[in-house]
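Novice: Structure provided below as C-alpha cells; questions to follow.
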Ligand SMILES: *Cc1c(COP(=O)(O)O)cnc(C)c1O
C-alpha cells in the first residue's frame, strides 16, 4: 500500500525568526508595549497594513478576538442582530454571542457561498453582517456590499482562512468595513495562535486598540499609515480615552517574531496552494461522484485544502467513502457527518433556538474537506488523489482510472 503524506504539519518557520526570537529571549521583552517603539507586534501591524493596502492593522490573540473586537468597535447595542452564514466555524456565532448580540443565520448554497436570496430576505432589522469566506470560498462580495451599503449596514469580513485570496483584484478582508485574519496553525501564516484586523476607519481601530488592552496611553504606540502620526487617529484616541472596557486580547512579541518572516512567503504559498488545489481537483473530478464547485468569476483562490461534494451517493455511501479513505490513511472530513463538527450549525446549541437551514444542511451532508498543505509535492498530491479515487471505487465499483498527464 502507498503511504499517504503527512498533511498535518505546517511549513517550517523561516530561519529569520530564530534571530528575532533569540533577541527577545535575551531581553525578556515579550510585551508589546514595553519598548518605546518598533516592538515586533507594532512592526507586524505596519507591515501587514502596508501589504494589504489598508490604513490600520491591529494584531490580537486570535481571529475570534478580532471578530469580537470588530463587533464591539462598531458600537452595536445589546441584542443587535448580526447576520452570519449558516456555514462557518463555531467561533463566528460565538463572537456574536460574546459581544452581546444575536446571530441571524442565512443559508449557504452547495458551492459553499452565501445564498444571496436568503441573505437579502434576512437583512431587514440586521445591524451588522459578518461574511465568513469559509476555507477561502468567497461569496458574491459585489452583491453583498451593494445590499449592505444601500442600508448602511457595516460588513465584517471573516477572512481567517482567506489570506491571499482576491476578489476582482481586491484583497479579501479589505472590502468590508473591517477584515479579520487568523494565524492559527492551519491557516496560510502560522504562529500557533494569533489574529489581526485591518480597516481604514480611524474611529473603529481606535476603539478596537483600546479594548484590545492599550490601557492608559499605550495607544500612543499605534501609528497611522507608514508609521506616521495620524491626526484622525489621535483625535479618535482622545475621544475614547477611559470610555471603553479593556478585554486584554493583545498579541505577544514572540508571536509577531514568528509571523513577520512569513509575510514575504505568502505570495509563493498562495501560488503553490492554488496550483496544488487545481491539480487535485482535476484528478478527483474524473470520478462522476465528485464535484469541486467552481469559484465565482472574480475570485482568485488561495487554498491550503480542498472541498468537494459527493454526488449521487446515499448517506450510508457517504459515510462508507469517508471510512474507506480513512482506512487508506487520508482523512476526509464530511462537515455534516462527523460527530460534533464545529462547522455544522446544528451543533451550535449554545445559541438556544436553532433555526433550520435545509439548503445548508443538505450541502453539509455531502461536502468533504481534505487538507492540502501548500508544501506537498506533485507525487504526494497524486498519492492523495489515487487513494481518494480508490476509496470511491470501493464504494461505487471500479472506474476507469485515467493516467495523469
Ligand atoms: C480558523 C477560523 C476562525 C477562527 O480563527 P482563530 O484564530 O482560531 O480564532 C474563524 N473563522 C474561520 C472561517 C476560520 O477558518
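The values are calculated or read from the model by the stated rules, or taken from the named source; none is laboratory data. Note that the structure is a prediction, hence the values are computed from the model and not measured. Reconstructed Cβ throughout: ideal geometry from the backbone, glycine too, with neighbour counts over all protein chains shown.
Novice: Restricting attention to the stretch 178-215, and to residues there that are away from the ligand (no atom under 14 Å from the Cβ) and assigned to a loop (DSSP other than H, G, I, E, B), which single residue is surrounded by the fewest Cβ atoms within 10 Å (Cβ to Cβ)?
Specialist: Among those that are away from the ligand (no atom under 14 Å from the Cβ) and assigned to a loop (DSSP other than H, G, I, E, B), it is 215.
Novice: Quickly run through the stretch 212-242 and pick out the residues that are more than 19 Å from residue 54 (Cβ to Cβ) and in contact (Cβ under 8 Å) with a residue 40 or more places away in the chain.
Specialist: Listed by number, the list holds a single entry, 218.
Novice: Here's a follow-up. May I ask you to list the residues in the stretch 311-326 that are more than 19 Å from residue 292 (Cα to Cα) and free of Cβ contacts under 8 Å to residues at least 40 places away in the same chain?
Specialist: Within the stretch 311-326, 316, 323, 326 meet the criteria.
Novice: Is it the case, given these coordinates, that residue 175 is without any contact (Cβ under 8 Å) to a residue 40 or more places away in the chain and either more than 21 Å from residue 129 (Cα to Cα) or within 16 Å of the ligand (Cβ to nearest atom) (or both)? Steps first, answer last, please.
Specialist: Details: without any contact (Cβ under 8 Å) to a residue 40 or more places away in the chain: yes; either more than 21 Å from residue 129 (Cα to Cα) or within 16 Å of the ligand (Cβ to nearest atom) (or both): yes.
When the stated conditions are applied, residue 175 passes them.
Novice: Moving to a separate point now. Would you confirm whether or not the stretch 342-363 contains a residue that is more than 23 Å from the chain's Cα centre (by Cα), surrounded by fewer than 16 Cβ atoms within 10 Å (Cβ to Cβ) and over 24 Å from residue 92 (Cα atoms)?
Specialist: The initial filter retains those residues of the stretch 342-363 that are more than 23 Å from the chain's Cα centre (by Cα), namely 352-356, 358.
This time we only want the ones that are surrounded by fewer than 16 Cβ atoms within 10 Å (Cβ to Cβ), so: 352-356, 358.
The next check asks that each one be over 24 Å from residue 92 (Cα atoms); those that pass are none.
No: zero hits.
Novice: Here's another thing I want to ask about it. Any idea which residue in the stretch 127-143 is farthest from residue 92 (Cα to Cα), counting only those that are assigned to a helix (DSSP H, G or I) and within 16 Å of the ligand (Cβ to nearest atom)?
Specialist: Applying the first criterion (assigned to a helix (DSSP H, G or I)) to the stretch 127-143 yields 134-136, 141-143.
Add one more test, that the residue is within 16 Å of the ligand (Cβ to nearest atom), and what stays is 134-136, 141.
Details: 134: 11, 135: 14, 136: 15, 141: 18 Å.
Per the stated criteria, the residue is 141.
Novice: Using the structure shown, decide if residue 257 is closer than 19 Å to residue 43 by Cβ, at pLDDT 95 or above and either within 16 Å of the ligand (Cβ to nearest atom) or touching a strand residue (DSSP E or B) at 6+ places or on another chain (Cβ under 9 Å) (or both). So that I can check it myself, show each step before the final result.
Specialist: Numbers: closer than 19 Å to residue 43 by Cβ: yes; at pLDDT 95 or above: yes; either within 16 Å of the ligand (Cβ to nearest atom) or touching a strand residue (DSSP E or B) at 6+ places or on another chain (Cβ under 9 Å) (or both): no.
The answer is no for residue 257.
Novice: Still on this structure, I have one more. Within the stretch 96-126, restricting attention to residues that are out of contact with any strand residue (DSSP E or B) (no Cβ under 6 Å at 6 or more places or on another chain) and over 22 Å from residue 346 (Cα atoms), which residue is surrounded by the fewest Cβ atoms within 10 Å (Cβ to Cβ)?
Specialist: 124
Novice: Another question about this same structure. Only helices (runs of 4 or more DSSP H) wholly contained in the stretch 244-343 count here; list those with 3 or more residues that are closer than 30 Å to residue 206 by Cβ.
Specialist: Where helices (runs of 4 or more DSSP H) fall fully within the stretch 244-343 and carry at least 3 residues being closer than 30 Å to residue 206 by Cβ, they are 253-259.
Novice: Limited to the stretch 144-166, what total is found for residues that are in a loop (DSSP other than H, G, I, E, B) and under 19 Å from the mean Cα position of the chain (by Cα)?
Specialist: 8
Every residue, every condition in (1) under 30 Å from residue 127 (Cβ atoms); (2) touching a residue at least 24 places away in the same chain (Cβ under 8 Å), yes or no:
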| site | (1), (2) |
| --- | --- |
| 6 | no, no |
| 14 | no, yes |
| 42 | no, yes |
| 56 | yes, yes |
| 71 | yes, yes |
| 81 | yes, yes |
| 98 | yes, yes |
| 103 | yes, yes |
| 111 | yes, yes |
